[in-house]
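See below for the structure under consideration.
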Amino acid sequence: MTQHESTHAKLWDLIEDIRFGMFTHRHPGGGLHSHPLTTQNQSIDEDATLYFFVPRSGEVASHMAADGNVNLAYAHPGKDRYVSITGTARIAQDPATVERLWTKMAEAWFPKGPNDPDLALLAVRIEEAEYWDVTDSKMVQLYKMAKAAVTGKPPQDMGEHATLKVS
């Protein structure tokens, strides 16, 4: 496995079981705004792109042309796993990818199916991802925090934290 493939596999392993990501983009006035979006991928492809279905008539689609710099935040508190992804978003014109990613669940939002005229494919090209992944049990974490409180020293080895250069 190449370093490139290894990075994609690690990132996918971190987010694959997190149903929703918080997608943050910039409003034309400069402020930031977030939306919960469902990741449509089954893996991270060689282009390091994540896909989402959004309404073509909606806020996300209309703002991507002006500023495609975005952040995706994934959180799985039960597993103490958190991922922040920096990327560039665009509305993709790719009917084959829409067909490949289409699910019955998407039909709840786009009742006319993959050819729904209001369906837009949001493609986020991942540039970098930072993650925090705690593998210790809750009891071990509590012990380390209690020890830190008693000793006055920050807790050590609270899990894995790294930045991945993806594209």
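Within region 38-75, list the residues whose amide N lies under 15 Å from a label point set 7 Å along Cα→Cβ of M105. Answer for this model: 38-43, 51-54, 75. Peptides 112-121, 83-92 ranked from most to least packed, by the mean per-residue count of other Cβ atoms within 10 Å: 83-92, 112-121.
For region 51-92, relative contact order (Cα pairs under 8 Å, six or more residues apart, normalised by length) works out to 35 percent. When the GluC sites (Glu not before Pro) in region 1-103 are filtered for DSSP coil states and for at most 10 other beta-carbon atoms within 10 Å of their beta-carbon, the remaining sites are E46.
Just to be sure I follow: if Rg is taken over the C-alpha atoms of region 1-123 and Rh is the Kirkwood radius over the same atoms, what is Rg/Rh?
Rg divided by Rh gives 0.96.
A straight Cα-to-Cα reach below 19 Å connects K79 with the aspartates and glutamates D13, E16, D17, E130, D133, D136, D157, E160, residues fewer than 8 places away in its own chain not being considered. Pull out a ≥ b ≥ c, the square roots of the eigenvalues of the alpha-carbon gyration tensor of region 57-120, then state rounded if a/c is under 1.5, prolate if not and a/b is larger than b/c, and oblate in the remaining case. In terms of gyration-tensor shape, oblate. In region 1-104, carbon and sulfur make up what percent of the accessible area (probe 1.4 Å)? With neighbouring chains kept in place, the figure for region 1-104 is 53 percent. With the simple model of a label 7 Å out from the Cα in the direction of the Cβ, S6 to T135 spans 1.5 nm. Straight-distance candidates among the aspartates and glutamates for linking to K104, with alpha-carbon spacing under 14 Å and chain neighbours fewer than 8 residues away dropped: D116. Between the alpha-carbon centres of region 82-125 and region 1-74 there is a gap of 11 Å.
The values are calculated or read from the model by the stated rules, or taken from the named source; none is laboratory data. Predicted, not measured: the structure shown is a model, and the values here were computed from it. Quick reminder, even Gly has a Cβ in these numbers, built from the backbone with ideal geometry, and neighbours come from all protein chains shown. With ligands, DNA and RNA removed, areas are computed over all heavy atoms of the protein, side chains included. Shrake-Rupley method; radii C 1.70, N 1.55, O 1.52, S 1.80 Å.
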